[in-house]
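**Student:** For reference, the structure I am asking about is given below.
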Amino acid sequence: MQEARLRRQRIAWLVGLLVIVAAVTFGLITSRPGASTDTRLAPDFTLPTTDGASVTLSELRGSPVLLYFNEGAGCAACTVQMAEIEKQTGFAEAGITVLPIVMNTAEQILPDMQRYGATTPYLIDDGRVSDAYGTLGTGMHAGLPGHGFVLIDADGVQLWQGEYPSMWLEPTDLLQEVTSRL
């Protein structure tokens with residue numbers, strides 16, 4: 001009787017371990033970054049910002065732009081990513097404008113910006129821009145962008161798009177990635 005109970009416990013423990021290994025393996029496989037170097041004229045847009053202004057992409061021609069699509073409010077990693085990008089002076093030195101884009105209201109994202117020290121105004125998307133750039137459903141939520149970047153050159157041509165489901169890309173690595181493509 002005791003032996004049978006121990007055997008069931010061992011089997012349950014083994015099944016539990018296999019479930020954990022499968023979950024970790026799935027997480028590692030699905031968190032691999034993806035990238036595309038397909039070029040096209042970047043879809044133009046005008047979006048309101050968290051500071052009450054608006055940004056029109058085509059008005060930024062003449063210098064490169066890096067769009068940062070992310071899950072927004074409630075995603076600490078997303079907001080910390082932007083705060084760390086701001087600290088990397090190489091983007092400004094290379095003349096690259098970084099535009100964070102979220103599908104939140106200003107009231108929803110502003111507390112996270114303050115909490116994590118992001119100061120760049122976020123662009124507020126109703127989903128159309130995220131859809132035009134193919135970022136919807138690339139993260140943990142089907143109706144939201146994941147954690148991705150789109151590089152647009154000074155002529156308005158999209159040169160590169162990278163998705164980072166791990167929810168982080170070291171800002172120095174991001175800077176190297178984008179400057180190597182300009």
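**Student:** Select from the range 123-152 the residues that are closer than 16 Å to ASP38 by Cβ, open to solvent by less than 30 Å² (accessible area, probe 1.4 Å) and not small (Gly, Ala, Ser) and list them in ascending order.
**Tutor:** TYR133, THR135, PHE149, VAL150, LEU151, ILE152 - these are the residues of the range 123-152 that are closer than 16 Å to ASP38 by Cβ, open to solvent by less than 30 Å² (accessible area, probe 1.4 Å) and not small (Gly, Ala, Ser).
**Student:** Output the qualifying pairs, or none if there are none: Cβ atoms under 6 angstrom, residues six or more apart or on different chains, first residue in the range 53-65 and of a type in the set (A, V, I, L, M, F, W, C), second residue loosely packed, with under 15 Cβ neighbours inside 10 Å and not in a strand (DSSP E or B).
**Tutor:** LEU57/ASP44
One line per residue, one yes/no per condition, for (1) more than 20 Å from SER58 (Cβ to Cβ); (2) of a type outside the set (D, E, K, R):
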residue: CYS75; (1), (2): yes, yes
residue: LYS87; (1), (2): yes, no
residue: ALA94; (1), (2): yes, yes
residue: VAL98; (1), (2): no, yes
residue: ARG115; (1), (2): yes, no
residue: VAL129; (1), (2): no, yes
residue: PRO145; (1), (2): yes, yes
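**Student:** Turning to a different aspect of this structure: Counting only residues that are open to solvent by 80 Å² or more (accessible area, probe 1.4 Å), assigned to a loop (DSSP other than H, G, I, E, B) and touching a Gly at 6+ places or on another chain (Cβ under 9 Å), how many does the range 108-122 have?
**Tutor:** Going through the range 108-122 one residue at a time, the tally reaches 0.
**Student:** Checking the structure you have, find out if any residue of the range 17-28 is over 24 Å from ASP125 (Cβ atoms), open to solvent by less than 100 Å² (accessible area, probe 1.4 Å), over 27 Å from the mean Cα position of the chain (by Cα) and modelled with pLDDT under 95.
**Tutor:** yes
**Student:** Can I ask one more? List the residue pairs whose Cβ atoms are under 8 Å apart, where the first residue sits in the range 153-182 and is open to solvent by 30 Å² or more (accessible area, probe 1.4 Å), the second is among the basic types (Lys, Arg), and the two are 6 or more positions apart or on different chains.
**Tutor:** Short answer, once both residue conditions are applied: ALA154/ARG61; ASP155/ARG61; VAL157/ARG40; LEU159/ARG181; PRO165/ARG32.
**Student:** How many residues does the range 66-91 contain that are under 16 Å from HIS141 (Cβ atoms) and either open to solvent by 10 Å² or more (accessible area, probe 1.4 Å) or without any contact (Cβ under 8 Å) to a residue 12 or more places away in the chain (or both)?
**Tutor:** Residues meeting the conditions: 6.
**Student:** I need the full set of residues from the range 51-65 which are assigned to a loop (DSSP other than H, G, I, E, B) and open to solvent by less than 40 Å² (accessible area, probe 1.4 Å), in order please.
**Tutor:** Once the filter is applied, which keeps residues that are assigned to a loop (DSSP other than H, G, I, E, B) and open to solvent by less than 40 Å² (accessible area, probe 1.4 Å), the range 51-65 yields SER63, PRO64.
The values are calculated or read from the model by the stated rules, or taken from the named source; none is laboratory data. Computed from a predicted model, the values in this text were never measured in an experiment. In this analysis, Cβ positions are derived from the backbone assuming ideal geometry, glycine residues included, and neighbour counts consider all displayed protein chains. SASA here: full protein model, heavy atoms, side chains in, ligands and nucleic acids out. Shrake-Rupley method; radii C 1.70, N 1.55, O 1.52, S 1.80 Å.
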